[in-house]
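Have a look at the structure below before the remarks.
The values are calculated or read from the model by the stated rules, or taken from the named source; none is laboratory data. This is a predicted model, so every value here is computed, not measured. Cβ atoms come from the backbone with ideal geometry, glycine included; neighbour counts cover every protein chain shown. For accessibility, only protein heavy atoms count, side chains too; no ligands or nucleic acids. Shrake-Rupley method; radii C 1.70, N 1.55, O 1.52, S 1.80 Å.
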Amino acid sequence: MAYDENNIFAKILRGEIPCDKVHENSHALAFKDINPQAAIHVLVIPKGAYVDLTDFSANASAEEIAGFIRTVGETARILGMTTDGYRALTNIGEFGRQEVPHLHIHLFGGQQLGRMIKPPEK
Ligand code: 5GP
């Protein structure tokens with residue numbers, strides 16, 4: 001899939017839409033999900049234009065990959081999630097129910113989390 005420059009996270013990165021920022025560096029931006037599914041629900045996105053993890057893992061530079069993954073871990077530490085634990089998840093494509101076509105890692109925590117995969121909604 002070609003990258004859509006008008007996806008909502010691209011607009012957030014360009015500052016065209018506000019976000020509730022948690023962390024930022026040259027590689028990535030972390031902000032609160034607008035529709036939280038847990039007590040803590042934060043999204044971490046790379047600054048580069050990558051559709052999903054498949055695209056990122058194939059096409060990003062080693063520096064971008066290291067910088068992004070380190071920022072995911074930094075964000076979890078900033079959020080105070082590392083002692084009790086948390087979940088990091090990325091949805092990919094149709095079967096993964098990805099809604100926004102810019103790579104994002106969901107960080108869920110601040111509570112006991114349920115089963116990892118629920119049956120699909122009808
Ligand atoms: P996906 O299903 O693509 O993995 O998840 C997309 C996530 O982005 C959803 O959890 C949704 O609530 C969140 N989201 C969609 N639009 C916005 C927005 O404008 N701002 C923020 N902060 N989150 C958004």
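Any idea which residue in segment 78-93 is nearest to PHE31 (Cα to Cα), counting only those that are of a type outside the set (A, V, I, L, M) and within 11 Å of the ligand (Cβ to nearest atom)?
Taking the candidates together, the pick is THR90.
Starting from residues that are open to solvent by 10 Å² or more (accessible area, probe 1.4 Å) and more than 16 Å from the ligand (Cβ to nearest atom), keep the ones in segment 68-77 and report whichever is nearest to VAL100 (Cα to Cα).
Selected residue: ILE69.
Select from segment 60-98 the residues that are touching a residue at least 40 places away in the same chain (Cβ under 8 Å) and of a type in the set (A, V, I, L, M) and list them in ascending order.
Listed by number, the residues that qualify are VAL72, ILE78, LEU79, MET81, ILE92.
Counting only residues that are open to solvent by 70 Å² or more (accessible area, probe 1.4 Å) and of a type in the set (Lys, Arg), which one in segment 3-60 is farthest from the ligand (Cβ to nearest atom)?
Here the residue is LYS47.
Of the residues that make up segment 27-48, is at least one over 18 Å from PRO101 (Cα atoms) and among the acidic types (Asp, Glu)?
No, there is no match, as no residue in segment 27-48 is over 18 Å from PRO101 (Cα atoms) and among the acidic types (Asp, Glu).
Would you pick out the residues in segment 45-59 that are without any contact (Cβ under 8 Å) to a residue 24 or more places away in the chain and within 20 Å of ILE12 (Cα to Cα)?
GLY48
Anything in segment 95-115 that is under 17 Å from the mean Cα position of the chain (by Cα) and exposed (fewer than 11 other Cβ atoms within 10 Å of the Cβ)? List them, or say none.
ARG97, GLU99
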